[in-house]
Every structure is written in C-alpha cells, then in structure tokens.
Amino acid sequence: MGMEWAWLLPAVCTGAFAVVAALGRWLPGRGSLLAIGAIGTAFVLFWFVMADVVGDGPGSFSRAWFDSGDVTVRLGMRVDKLAI
C-alpha cells in the first residue's frame, strides 16, 4: 500500500510550492501554513512508505512517460533503505 504512494512525497511539496509561488500575493501570511501542511502530509505518507519498505523490502515502479519509435522513456522511482 505505501510503496504506491511514494510518488506523492515530492508531488505534495511541489504542488504546495506552485500554489504559494502563484498565489502568494493573495495569501498574506497563509502561504507558510500551506507549506507546513504539505510537509506534514508528506511526513505522514513517509511513514506508510517506510513501513512498506521495512516489511516487504525495496521496490521500484515506473510508468511510460513517452514513446518515440523504438524508444520508451520511463519515469519512475526506486525506494529502498538507502533512499529512505
């Protein structure tokens, strides 16, 4: 369950950055709350991912990003004890 959520760790923080960067002017004093909430959410998700790695061992997943003729470029993530 946790390994499938590993991509959310950077995505949550990147999404919060994009919102604060785009709407920071209209969020006076509240941009920090959004960033702290994103970090807290990523921290909670981290524990699910870590529990999955400790229980089941390392894992990786990837998706085809785009195809060009015979070449398939894949985008993915490897999660192991060194990465955690």
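Computed from the coordinates by the stated procedures, all read-outs in this text should not be read as laboratory data. Bear in mind the structure is a predicted one, so any value in this text is a computation, not a measurement. Don't worry about glycine lacking a Cβ; one is built from the backbone with ideal geometry, like all the others, and counts go over all protein chains shown.
For trypsin sites (Lys or Arg not before Pro), the sites in region 31-84 that DSSP calls loop and that have at most 10 other Cβ atoms within 10 Å are K81.
Scaling against 2.2 N^0.38 Å puts the C-alpha radius of gyration of region 3-79 at 1.42. Round to the nearest 10 and give me the degree value, 0 to 90, for the angle of helix 8-23's Cα axis relative to the longest principal axis of the chain. It works out to around 30 degrees.
First measure r as the distance between the Cβ atoms of M77 and W26, then evaluate 1/(1 + (r/R0)^6) with R0 = 35 Å and state the FRET efficiency to the nearest 0.05. Between M77 and W26 the formula returns 0.60.
Rounded to the nearest Hz, the phi-derived 3J(HN,Hα) couplings of region 37-43 under the Karplus curve 6.51 cos²θ - 1.76 cosθ + 1.60 (θ = phi - 60°) are x, 5, 5, x, 5, 5, 5, where x marks glycine and proline.
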